[in-house]
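K.L.:
Structure below; questions to follow.
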Amino acid sequence: MFARLLSAVFMLALAVPAGAATIGEDGLHKQDWFAVTFKDIAEDIETARDEGKRLVIIFEQRGCIYCTKMHEELLSDPEITDFLKAHFKIVQFNMFGDEEVTDLDGDVLTEKTASRKWGYVFTPTIVFLPQEVPQEKTVAEAAVSTMPGAFGKWTFLNMFRWVHEKGYESDEHFQRYHARIIQELRAEGRLEGE
């Protein structure tokens, strides 16, 4: 009996696609390497900086097909996940959730009122925060960049690279940075699907 049960469990494990994301009780896709915090943004920025990383907030919602694409196609790609894990502390927000959030300006909100206050209306929306806690700003005002929606591998990864390299402080706009990287990838024969 135990052997049959073990065999059934093994067969079920094989039936799950390799890129399949886990769904939490809140209906959101989960990555075991996402940070779970008290969602005090100033504290999260400081903790990320102390770890040598940058804070990123990802807004998602139940049933979001683009969130599914992001988790199953992008966040299952080792090239992407290795880079993100090394350089970013990622905290997931539910666009319609009720968990408490403390904005940089001290306002205590819920996830859903925070998304409205900050003007985020698409999922996924990825918000890149500065390395230092800004004074008297909201998250939306302090963000160094925001990526609304799901994109292909290279656009997605290049945005994280551009933020990591502080491209927002240079004269090279993200679109020019991205185009340059795409040309380099073509020259190397590595371009896939973009």
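Read-outs: derived from the displayed coordinates by stated rules, not from any lab. Model, not experiment: these values are computed from the prediction. A quick note on method: Cβ atoms are made from the backbone with ideal geometry, for glycine too, and the neighbour counts reach across all protein chains shown.
K.L.:
Given the Cα-Cα distance of Asp82 and Phe174 and 0.36 nm per residue of separation, how much length would full extension add, in nm?
P.N.:
Length difference between fully extended and current span is 31.0 nm.
K.L.:
Considering the Cα positions of the range 99-185, please state its Rg to one decimal place and its Dmax as a whole number of Å.
P.N.:
Rg, Dmax (Cα atoms, Å): 14.7, 45.
K.L.:
Would you calculate the separation in nanometres between label points at Asp40 and Glu132, each defined as 7 Å from the Cα along the Cα-to-beta-carbon direction?
P.N.:
My value for the distance between the label points is 2.1 nm.
K.L.:
While we're here: For the range 20-188, state the semi-axes of the equivalent ellipsoid (square roots of 5 times the eigenvalues of the alpha-carbon gyration tensor), sorted largest first and rounded to whole angstrom.
P.N.:
Here the semi-axes work out to 24, 20, 14 Å.
K.L.:
Between the range 146-194 and the range 52-70, what's the alpha-carbon centroid distance in Å?
P.N.:
Taking the Cα centre of the range 52-70 as reference, the centre of the range 146-194 is 18 Å away.
K.L.:
Separate question: Taking Cα pairs under 8 Å and at least six residues apart, what relative contact order does the chain come out at, in percent?
P.N.:
20 percent
K.L.:
Among the listed pairs Lys53/Lys89; Lys39/Lys112; Lys89/Lys112; Lys30/Lys166, give every one whose C-alpha distance is greater than 18 Å.
P.N.:
From Lys53/Lys89; Lys39/Lys112; Lys89/Lys112; Lys30/Lys166, over 18 Å: Lys89/Lys112; Lys30/Lys166.
K.L.:
A follow-up question, please. So what's the gap between the Cα centers of the range 94-120 and the range 122-143, to the nearest angstrom?
P.N.:
The range 94-120 and the range 122-143 have Cα centres spaced 12 Å from each other.
K.L.:
With a Cα-only, solvent-free Debye model of the range 152-194, what are the log10 I(q)/I(0) values at q = 0.15, 0.24, 0.28, 0.33 Å⁻¹?
P.N.:
-0.34, -0.79, -0.99, -1.18
K.L.:
Another question, if that's okay. I want the antiparallel fraction of DSSP beta bridges within the chain, as a percent rounded to 5.
P.N.:
60 percent
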